[in-house]
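Following: one structure in structure tokens, then a few remarks.
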Amino acid sequence: MEQLYAKVLDQIAKSTTSIVDISESDFGLARPYKEDISEMIQLLKPKYFLPIQGLYRYLIVASNIAVANKVKRQNIIVLQNKRSANFIDGSLFSRKKISKGEEEIYVSGFGIGDVCFRVLKERDALSRNGLIIVSFLFDPIEKKIFSTPEITTYGILSRENREAYYEIIRKIIFNNFSNIKKINDKILKELQQKSQKNIKRKLLRIFDKEPSVSVLIHNIYPEVKKMKKMLWKQAENELKTGVVYLEFAADWCNDCKMQEPVNEELSKYFKDRSDVKLIKVDAEESKLFRQKGTKYEVLFVPTHFIFKDGQILFKQFNYVPAEVLIEKIEKALNS
């Protein structure tokens, strides 16, 4: 304690040229003087007296002053920690424990506004060594970085040399995330930690500082190819070339709603395929619904077709599982 006291005095002396010593006789107490307590009791004439500030011995001293000023000793309440005095209609009810009434609420202030040592230590490290945040978009399907890494720094890089070191950091990121053969959550976390360590080591050699580094990876997924909703005239032109899966559907049809998850599965299965087209047409808009004698005869919804170069290879009414449609489409592609 004495060493710390001397160290603080030295720091004060280094930071200012005007220092004034105050003698002990000029110091004031942080607790009330005997005269203050006596005057307060004589003025207020309290029935009960509760000293509340200072060490236990100071509470006893204040109690003795109250007795000297004609306060009954049985009405002097010296409370220890975790004790309370409860009053009902102006009379002391209890001083042993907290009694909660119907309209009384006890509010504990424990833990409010305090900061743990770990947080203080982290803040001290940030103030001395700085902070670097690197964020970028990553495509886990293609296994590559989708955007230029954005870098934010605090307390380590100046405006003059910032861009040069940004390029060093970006190079580390691109090197770690290139030529990835396999990707999952575990591998992604390992690459994240590796990048943070590499950036710390590089900057430690340059600045002799080890900043806190946070690498934030935002995964993005390309939009899945979906079935195209078309007007019948437009869809009819698409049927003339290549392999086409066509569904006639209607908004009011329950079986069509059951078919929606199947359509999503088809879209995912063929998302990277350019040799097949997935098309949906409103059966009522096409004016083919329940029209007998036409080329397509869409008598029910949903009605499923698979075409190849304008020729019908498959036709079926109502619900059809995804595996059946995938098998038929693959067969059409290979025929």
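Could you say whether any residue in region 190-198 is surrounded by 11 or more Cβ atoms within 10 Å (Cβ to Cβ) and hydrophobic (A, V, I, L, M, F, W, C)? The answer is yes, given that some residue of region 190-198 is surrounded by 11 or more Cβ atoms within 10 Å (Cβ to Cβ) and hydrophobic (A, V, I, L, M, F, W, C).
Against the condition modelled with pLDDT of 75 or more, closer than 30 Å to I65 by Cα and surrounded by fewer than 10 Cβ atoms within 10 Å (Cβ to Cβ), how does E35 come out, does it pass?
Criteria met by E35.
Scanning region 168-190 for residues that are among the aliphatic types (A, V, I, L, M) and free of Cβ contacts under 8 Å to residues at least 24 places away in the same chain yields a total of 1. Applying a threshold of 6 Å to beta carbon distances and a minimum spacing of six or more residues, or different chains, the list of pairs starting in region 303-319 at a residue that is among the small types (G, A, S) and ending at one that is surrounded by 14 or more Cβ atoms within 10 Å (Cβ to Cβ) reads G310/L239.
Specify the residue that is nearest to R273 (Cα to Cα); the eligible residues are those in region 198-233 that are touching a Pro at 6+ places or on another chain (Cβ under 9 Å) and at pLDDT 85 or above. Working first, answer last.
To start, the set of residues in region 198-233 that are touching a Pro at 6+ places or on another chain (Cβ under 9 Å) comprises 199-200, 203-204, 215, 219-221.
After this cut, where a residue has to be at pLDDT 85 or above as well, the list is 199-200, 203-204, 215.
On the way: I199: 40, K200: 43, L203: 46, L204: 48, V215: 35 Å.
For region 198-233, the residue satisfying everything is V215.
Go through K200, K189 for me and flag whichever is assigned by TED's automatic domain parsing to the domain that holds I141, among the charged types (D, E, K, R) and touching an Asp or Glu at 6+ places or on another chain (Cβ under 8 Å). Before the answer, list the steps.
Working: K189 fails: touching an Asp or Glu at 6+ places or on another chain (Cβ under 8 Å).
None of the others qualify; the one that does is K200.
Among the residues of region 134-170, those identified as part of a strand (DSSP E or B) and surrounded by 12 or more Cβ atoms within 10 Å (Cβ to Cβ) are V134, S135, F136, L137, F138, D139, K144, I145, E150, I151, T153, Y154.
Taking region 202-213 on its own, how many of its residues are over 10 Å from I156 (Cα atoms) and either among the β-branched types (V, I, T) or surrounded by 14 or more Cβ atoms within 10 Å (Cβ to Cβ) (or both)?
Narrowing region 202-213 to residues over 10 Å from I156 (Cα atoms): 202, 204-206, 208, 212-213.
Right, trim to either among the β-branched types (V, I, T) or surrounded by 14 or more Cβ atoms within 10 Å (Cβ to Cβ) (or both) and you get 202, 206, 212-213.
Total satisfying the criteria: 4.
Being under 16 Å from L137 (Cβ atoms) and touching a residue at least 40 places away in the same chain (Cβ under 8 Å) is a condition met by no residue of region 152-167.
This table checks each residue for (1) at pLDDT 90 or above; (2) touching a His at 6+ places or on another chain (Cβ under 6 Å).
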position: G242; (1), (2): yes, no
position: E247; (1), (2): yes, yes
position: L266; (1), (2): yes, no
position: S274; (1), (2): no, no
position: K277; (1), (2): yes, no
position: K280; (1), (2): yes, no
position: E285; (1), (2): yes, no
position: F289; (1), (2): yes, no
position: K292; (1), (2): no, no
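L131 meets the conditions (1) surrounded by 14 or more Cβ atoms within 10 Å (Cβ to Cβ); (2) free of Cβ contacts under 8 Å to residues at least 40 places away in the same chain; (3) within 21 Å of the chain's Cα centre (by Cα) in every case but one. The failed one is (2).
The values are calculated or read from the model by the stated rules, or taken from the named source; none is laboratory data. Everything numeric here is computed off the predicted structure, so don't read it as measured data. Note: ideal-geometry Cβ built from the backbone for every residue, glycine included; neighbour counts use all protein chains shown.
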